[in-house]
1. Can you find a residue that is within 14 Å of another protein chain (Cβ to nearest Cβ), closer than 22 Å to A:Val168 by Cα and of a type in the set (A, V, I, L, M, F, W, C) anywhere in segment A:35-44?
2. If you check A:Ile167 against the conditions, is it of a type in the set (Val, Ile, Thr) and closer than 22 Å to A:Val4 by Cβ?
3. Every residue in segment A:55-101 that is closer than 16 Å to A:Gly131 by Cα and more than 7 Å from every other protein chain (Cβ to nearest Cβ), please.
4. Count, please, the residues in segment A:155-164 that happen to be away from chain B (no Cβ under 12 Å) and either within 16 Å of ligand 1 (Cβ to nearest atom) or not in a loop (DSSP other than H, G, I, E, B) (or both).
5. List the pairs whose first member sits in segment B:109-133 and is charged (D, E, K, R), whose second member is surrounded by 12 or more Cβ atoms within 10 Å (Cβ to Cβ), and whose Cβ atoms are under 7 Å apart, counting only residues at least 6 apart or on separate chains?
6. Tell me yes or no: at least one residue of segment B:41-48 is farther than 13 Å from B:Phe232 by Cβ and part of a helix (DSSP H, G or I).
7. Give me the pairs, please: first residue somewhere in segment B:62-78 and in a loop (DSSP other than H, G, I, E, B), second residue anywhere and of a type in the set (A, V, I, L, M, F, W, C), beta-carbon distance under 7 Å, and either six or more positions apart or on two chains.
8. Just one of B:Phe126, B:Phe120, B:Phe200, B:Phe232 is away from chain A (no Cβ under 14 Å) and closer than 24 Å to B:Leu66 by Cα; which is it?
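Just so you know, all these numbers are worked out from the coordinates, no wet-lab data involved. Quantities reported herein were computed from a predicted structural model and do not represent experimental measurements. Neighbour counts are summed over all protein chains in view; Cβ atoms, including those assigned to glycine, are modelled from backbone coordinates with ideal geometry.
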Amino acid sequence: MLEVKNLQVAYGRIQALHDVALTVPGGKIISVIGSNGAGKTTLLNTISGLVRPRDGQVLLDGKALPSAAHLTVAAGIVQVPEGRKVFSSLSVDENLTMGAYLTKRGDSNRTRQQVYEMFPILKQRSGQAAGTLSGGEQQMLAIGRGLMSSPKIMLLDEPSLGLAPKIVTQVFDLIERINRSGVTIVLVEQNARKALAVADYAYVLENGRIVLEGTGAELARNPKVEAAYLGGQASGA
Amino acid sequence: MGDSFWSVVVQQIVNGVSLGAVYALIAVGFALVFNVLKFSNFSHGGVLAISAYVGYFAALKLHLSLIPVLLVGTLAGGLIACGVEFVAFRSIRKKRGQLVYFFVTSVTMLMLLEQVLVIFFGASFFTYPRLISLTTLTIGQVSISVLYVLMMVASAIAFGVLAWALRFTRVGIAIRAASNDLITTNLMGVNVDFIVLATFFVSGLLAGLSGVLLGMSYTLYPQIGQLVVKGFIASVLGGLGSLVGAALGALALGVVEVLLISVMGSGLSPAVIFAMMVIFLLVRPQGFAGVSFQEKA
Ligand SMILES: Nc1ncnc2c1ncn2[C@@H]1O[C@H](COP(=O)(O)OP(=O)(O)O)[C@@H](O)[C@H]1O
Ligand SMILES: [Mg+2]
């Protein structure tokens, strides 16, 4: 279980997160929705150890997480960053190798096999530079690369950003599939409809504060959420 | 004039490629650090200079032969570069300092390392003991000194090992990943402090090797490190961001330089080279290799 308590994060004078608290039970999908600039990336980067909080705690199974990003990965938490950030001049296969940087070679070969089974297109393009892949393929690669560390918890930062609707659906199916295989998911998204649909529990982040929380279904029915994040349409779809 | 004219040209090209091979060592070492930290590291020249002196004293006092001298100088370069990273650049990185601080620090380190040499060895010139035969090999009408052959062979071996390491070792792949994106590399569980240090080490090895080779072919003086400018020019010509581009840029620079010197003498040719570089960059700002500046901003 991952717990975020009383998190205060600031960049210089700009406070990006105010007293943020959330709980991520093992095996679940937790979504955090919020518009651009709400503080979603800051939240994930703080959990990942890239950004140091001014105050507050991030606990994994009751213990404080290390405050350096490479140690967070060793603790079992991996981030799939916003904008995919594949290593564009490295081959697809080398990107996966980077994902398994901390893993023993024998184990990583097995995981690589699994990732290639999950994404046959990546196997076909394994020798190709990652920068030449389409946006959707790059997102698959970014997720596959994250899986290479065999994480307990995967943090996904706007995985649907800039993708065609059909691909977005594929990405969300995939997130559910990864979750079913036992990986806890923290998903931050502007695409509220999809993010709430897959979530066991969700939070709404506005200007750095958690303003609402509830199960995905509850939030999808909430009139405020509907007005602000679901375009005022019926949320049943 | 026909035949002898062309044999002179071919001769100069061979000389230029030999010189360019050493410039390529400088340029690639320079580009390695640029790619990861995005600043022009002129302290590379200081590392080169000290390594050249280390090689000189290893030959003179320890009576080492050619290969050990090359290895000692190369290793010295790697270690000194690590020291420079640790002392000068690490704290700027921790404070997330702007690129201009890195740049200014690197120039300061170049001057500091030069001054260290002046303090210990004075401003005088030294000549390496003879480590290789001074004879020349003649192929057809082209002759090439054994030293030039050494320069080409040593560079080729160094680049072979480097290419292998960057492609097939875990740290090598991580250095390439870090050249794409240091933060995301960190998110893969890579300790970036270590990768930056490793990058300086590899870059310093190349500086060390080029230092010994330059020391053997010229005389040794504290300002020998200013030859780092050749590596800088070559890596800009090649396209900042590309190691292969930097090496090609260096070969081109070596050839052009030798040809120009033979035509107009060594007084005028540096000015012409700078002018050519400016024109080239106006026409093709992304350099030979076509990596755009924006991508690396
Ligand atoms: N590196 C940074 N330096 C200064 N301000 C930042 C930095 N990163 C984010 N911010 C600010 O923090 C706030 C939250 O940003 P971010 O976490 O990126 O939001 P989101 O991911 O929800 O779009 C914004 O006001 C943004 O301008
Ligand atoms: Mg964001």
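1. yes
2. No.
3. Result: A:Glu82, A:Gly83, A:Arg84, A:Val86, A:Ser91, A:Val92, A:Asp93, A:Asn95, A:Leu96.
4. The first filter runs over segment A:155-164 and keeps only residues away from chain B (no Cβ under 12 Å), leaving A:156, A:158-164.
After this cut, where a residue has to be either within 16 Å of ligand 1 (Cβ to nearest atom) or not in a loop (DSSP other than H, G, I, E, B) (or both) as well, the list is A:156, A:158-162.
Count: 6.
5. If the second residue must be surrounded by 12 or more Cβ atoms within 10 Å (Cβ to Cβ), the pairs left are B:Glu114/B:Gly46; B:Glu114/B:Ala49; B:Glu114/B:Pro222; B:Glu114/B:Gln223; B:Glu114/B:Gly225.
6. Going through segment B:41-48, the residues farther than 13 Å from B:Phe232 by Cβ turn out to be B:46-47.
Keeping just the survivors that are part of a helix (DSSP H, G or I) gives B:46-47.
Within segment B:41-48, one or more residues are farther than 13 Å from B:Phe232 by Cβ and part of a helix (DSSP H, G or I).
7. B:Leu64/B:Ala58; B:Leu64/B:Val72; B:Ser65/B:Leu131
8. Just a single option satisfies the conditions, and that option is B:Phe126.
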